[in-house]
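The values are calculated or read from the model by the stated rules, or taken from the named source; none is laboratory data. Model, not experiment: these values are computed from the prediction. Note that each Cβ is placed from the backbone with ideal geometry, even for glycine, and that neighbours are counted across all protein chains shown. SASA here: full protein model, heavy atoms, side chains in, ligands and nucleic acids out. Shrake-Rupley method; radii C 1.70, N 1.55, O 1.52, S 1.80 Å.
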Amino acid sequence: MVEASCADMQRREFLRLAGVAAAGASPATGQMPMPPAPPPPVRPELSGADFTLQIAPVTVELAPNRILSTIGYNGISPGPRLRMKEGVPVTVNVVNNTDVPEFVHFHGLLIPSDVDGAEEEGTPPVPPHGTRAYRFTPTPAGTRWYHTHTMSMDDLHRGSYTGMFGFLVVEGAGNPGNFDQEYYLALRDWEPYFTDQLMDNDDLDPLLAKPEKPAVLDTRPPGLEVTADIFSINDKALGAGEPIRVRPGERVLFHFLNASAIENRHLALPGHKFTVLALDGNPVPVQASVDVLMLGPGERIDAWVAMNQPGVWIMGAPEDPVREGGLGIVVEYANQRRTPQWLAPPKSTWDYTIFGKPPSQPAPADRLDMVFEKVPRGSGKFNLFTVNGKPYPHDREFLLKQGTRYRLTFHNRTDDAHPLHLHRHQLEIAEIYGKATSGVIKDTVVVPTYGRASVDFTADQPGPALFHCHIQQHMDFGFKALLRYA
Ligand SMILES: [Cu+2]
């Protein structure tokens, strides 16, 4: 990791981006002593077999004039990066210094229900002001993450709206390749609030087919939804953190995570392309290059960039209000001194299938279907979501035979694009946007507005497995199902 720092420059950078004159002591009022530069920000990484996560209130300094209060791990948010070795047993000791029960979910790992960190699966809670040890053997290798898995309902200071998230890297035998620098970047929004005035940008691409669009749309007024205007990458708003400093010709490896509780995100770096190596930590069959990345809540992308356009650039969200609200980071080439530049990327549509290969296996004979619908204001002032006509909990609708491979088809009859996550299993995308593919292994799949997607998975992880939309509000209001082994 290259993590140098120049605090004064960070401040100037942020103020310039924010359109504010540089602050600090002016020569005329020379009484004010300049404070010493703070130490460089540390994004600690913990490794080995024994980890401790302390849950407690933290402050996050998104920018010098924007410091917020939330809950984090080990005094920071994002929490420390946890580096584990595939197949080597670990203990994660969780100390809960809050007044409410907590769960730590290890997202993307194939581990038993009692340590997966979901109440619905039967994982015991970490009691308030208590501790609990999670013991498991991490697998498979790749970029994973960990986060709280409590319900929030109408409390926007709970669950994944808080700062309780961090990267978890499972190291395998594979060679990560030769890169000059490596960065772990988590996309986040902060200080969420409810609104009924949402400008819906969930419709990922109006040109995509909408096979599940009902003939008659539900025109009842929608319920309150969650949104935010303040964003960051890791713990810094655009311009407030240190830039990523590069030299021409460098190959820089990025590990992106969308740790948002509320929205799918796009990311671009003007003049550069991302070559995608892995989706949700799993290597892709075809390492295609794209101008714009898309990550639903919970998704990860490992991608590298050839630094071959000297300048000072903003890597950020293509949507102006999101980027200007903080979702970005400056990429600065050596010996370049200028205002960070943003250029709108070429129009593009995110497509998982360009990273896949043609299908070579017949579709599994055993099938499961899930139909998702939204009931406007079906839960008081909030929308209710149903899976096959019912909000959570279901009875024994989704029963798995151990060792069987299933084709699970998602029918999204709602006007949102949902990031669908299945715990403790790996999903191979079989069909999406009306295209067949194979070899793209995911744990979270964004199914477009009124879209349909099929994923194949093998039921080889006995114990209950939670399925849900990774948008916290959708999960809290019905969008969940428990898959059980018969
Ligand atoms: Cu959703």
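Yes/no matrix, rows are residues, columns are (1) within 16 Å of the ligand (Cβ to nearest atom); (2) touching a strand residue (DSSP E or B) at 6+ places or on another chain (Cβ under 8 Å); (3) open to solvent by 10 Å² or more (accessible area, probe 1.4 Å); (4) in contact (Cβ under 8 Å) with a residue 40 or more places away in the chain:
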{"site": "Leu422", "(1), (2), (3), (4)": "yes, yes, no, yes"}
{"site": "Lys435", "(1), (2), (3), (4)": "no, no, yes, yes"}
{"site": "Val440", "(1), (2), (3), (4)": "no, yes, no, yes"}
{"site": "Val446", "(1), (2), (3), (4)": "yes, yes, no, yes"}
{"site": "Ala453", "(1), (2), (3), (4)": "yes, yes, no, yes"}
{"site": "His468", "(1), (2), (3), (4)": "yes, yes, no, yes"}
{"site": "Gln472", "(1), (2), (3), (4)": "yes, yes, no, yes"}
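Has the range 124-133 got at least one residue that is of a type outside the set (Gly, Ala, Ser), under 29 Å from Asp302 (Cα atoms) and either more than 23 Å from the chain's Cα centre (by Cα) or at pLDDT 95 or above (or both)?
Filtering the range 124-133 down to residues of a type outside the set (Gly, Ala, Ser) leaves 124-129, 131-132.
Filter once more, keeping what is under 29 Å from Asp302 (Cα atoms): none.
No - not one qualifying residue is present in the range 124-133.
Is it the case that Thr339 is touching a residue at least 40 places away in the same chain (Cβ under 8 Å), within 30 Å of Arg66 (Cα to Cα), out of contact with any helix residue (DSSP H, G or I) (no Cβ under 6 Å at 6 or more places or on another chain) and hydroxyl-bearing (Ser, Thr, Tyr)?
On the way: touching a residue at least 40 places away in the same chain (Cβ under 8 Å): yes; within 30 Å of Arg66 (Cα to Cα): yes; out of contact with any helix residue (DSSP H, G or I) (no Cβ under 6 Å at 6 or more places or on another chain): yes; hydroxyl-bearing (Ser, Thr, Tyr): yes.
When the stated conditions are applied, Thr339 passes them.
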Take Val387 and decide whether it is within 16 Å of the ligand (Cβ to nearest atom), modelled with pLDDT of 95 or more, β-branched (Val, Ile, Thr) and over 30 Å from Gly142 (Cβ atoms). no
When you check Thr123 against the structure, is it part of a loop (DSSP other than H, G, I, E, B), over 21 Å from Val226 (Cβ atoms), open to solvent by 20 Å² or more (accessible area, probe 1.4 Å) and among the hydroxyl-bearing types (Ser, Thr, Tyr), yes or no? no
Within the range 357-413, residues more than 23 Å from Ala465 (Cβ to Cβ), touching a strand residue (DSSP E or B) at 6+ places or on another chain (Cβ under 9 Å) and assigned to a loop (DSSP other than H, G, I, E, B) come out as Pro358, Pro359, Ser360, Lys381, Arg413
Working only within the range 275-318, note down all residues that are open to solvent by 10 Å² or more (accessible area, probe 1.4 Å), touching a His at 6+ places or on another chain (Cβ under 7 Å) and assigned to a loop (DSSP other than H, G, I, E, B). Gln309, Pro318
Provide a single number: the residues in the range 372-384 that are under 23 Å from the mean Cα position of the chain (by Cα) and away from the ligand (no atom under 16 Å from the Cβ). 0
Checked the range 427-447 for anything under 17 Å from the mean Cα position of the chain (by Cα) and not in a strand (DSSP E or B); matches are Asp443
List every residue pair whose Cβ atoms lie under 7 Å apart, where the two residues are 6 or more positions apart in sequence or sit on different chains, the first residue falls within the range 399-417 and is farther than 10 Å from Tyr450 by Cβ and more than 16 Å from the ligand (Cβ to nearest atom), and the second residue, located anywhere, is at pLDDT 95 or above and among the β-branched types (Val, Ile, Thr). Arg405/Thr458; Leu408/Val455
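For Phe479, state whether it is touching a residue at least 24 places away in the same chain (Cβ under 8 Å), open to solvent by less than 10 Å² (accessible area, probe 1.4 Å) and within 16 Å of the ligand (Cβ to nearest atom).
yes
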So Leu399 ticks every box in (1) exposed (fewer than 15 other Cβ atoms within 10 Å of the Cβ); (2) of a type in the set (A, V, I, L, M); (3) within 23 Å of Val440 (Cβ to Cβ) but one. Which box is left unticked? (3)
Hey, can you tell me all the residues within the range 300-324 that are touching an Asp or Glu at 6+ places or on another chain (Cβ under 6 Å) and within 26 Å of Asp280 (Cα to Cα)? Arg300, Met307
